[in-house]
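Here's the structure we're looking at; comments come further down.
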Amino acid sequence: MLAFALDITQNKPANPKESENDEIKQYMDYQRKLNHVNLVKHSLEYVKNQLQETIDSGDSEKLTQFLQNFFPISSQFADAETLVQMLRKLLNAQNSSNNWYRMNSFYHSVVFESMNEFVQFYNRMLVESPEKAKEMEVSEAAEVDFEDWSYLYFPDMDFHVGKSLGYTHYPFAKRNKTIEEKWQEGIKEGKSRSEALKAIQADFEIDDSSVKILLGQKVSPQDLELLYTSVENPIYEALTEVEDGRWGVMDGESLLDHTYYMGAHLKVWEWRKREEVEAETETVMSQLNKSSQK
């Protein structure tokens, strides 16, 4: 199984605050509808099949366009055949029940872009072919919020530094902007791009593979290895330990509780913004109708 920031095998999370806050309960109800294992699996299968079909077509122009659309970041460090190889490795790891497979930033980029494409496809399918969507057992007919999923399950978006995420991804966008600004400061001081980035690498704990991506380096055979550990290894144990007020977590809460709590805040902010826009739209339309009847 692929190891993300949170355990993707846990599909029925709960939060101690949902009993006293309807908005958090609404958020957690949405979380309980998701089957993360199936979501990741279908994402990788969907994109791998699309890529393989495009390669088999023999149309080089079509393939170039496909890579630009589906893999704007990943195609810069891997060609089509390498991407197929990476997707196969990811699928094999995802289908393994004996080990957790840790991914570097090269793989995070491929998974992120694959899931981005699949979620758009799946959300359309919910409307156009709901029965087919139901067969996938991904979300109990709920639209998947990829931005929220990314916030919870990816450790960072460092491979996206200097490029638009296409979504808000506020926590990651803020970090990426800070890294980019510090990197540019070093370059302005006379350092090379590589020197400037490596000078701030430790401060931001930037993974070596992210550094390679940001410097435009190609993925190497060594980078294609997925590190694994037994599923019996409690790699997520620290997330559920009750904290004593450290890391911004309230006494009696776990880091996992806090993660969902913060995710709910970001999601509720989005809901409220949407409600405000919808309310304003209704008001404007009402006024227009009144004016047209005069």
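The values are calculated or read from the model by the stated rules, or taken from the named source; none is laboratory data. If you're wondering where the values come from, they're calculated on a predicted model, not measured in any experiment. When we count neighbours, we look across all protein chains shown, and the Cβ atoms used for this are built from the backbone with ideal geometry, even at glycine.
What to note about this one:
- Number of the exception - Ile187 against (1) crowded, with 19+ Cβ neighbours inside 10 Å; (2) modelled with pLDDT of 90 or more; (3) not in a loop (DSSP other than H, G, I, E, B): (1)
- Cβ separations smaller than 6 Å between residues 6+ apart or across chains give the following pairs from segment 132-158 residues that are within 18 Å of Val268 (Cβ to Cβ) to residues that are among the β-branched types (Val, Ile, Thr) and modelled with pLDDT of 95 or more: Val144/Val119; Phe146/Val119.
- Condition check for Leu67: aliphatic (A, V, I, L, M), touching a strand residue (DSSP E or B) at 6+ places or on another chain (Cβ under 7 Å) and either modelled with pLDDT under 95 or crowded, with 18+ Cβ neighbours inside 10 Å (or both): no
- Looking across segment 190-224 at every residue that is basic (Lys, Arg), surrounded by 14 or more Cβ atoms within 10 Å (Cβ to Cβ) and within 25 Å of Ser75 (Cα to Cα), the one that is nearest to the chain's Cα centre (by Cα) is identified as Lys212.
- Residues being touching a strand residue (DSSP E or B) at 6+ places or on another chain (Cβ under 9 Å), hydrophobic (A, V, I, L, M, F, W, C) and surrounded by 22 or more Cβ atoms within 10 Å (Cβ to Cβ) are represented in segment 107-114 by at least one member.
- Just so you know, in segment 3-36 the residues that are surrounded by 18 or more Cβ atoms within 10 Å (Cβ to Cβ) and aliphatic (A, V, I, L, M) include one that is farthest from the chain's Cα centre (by Cα), and it is Ile24.
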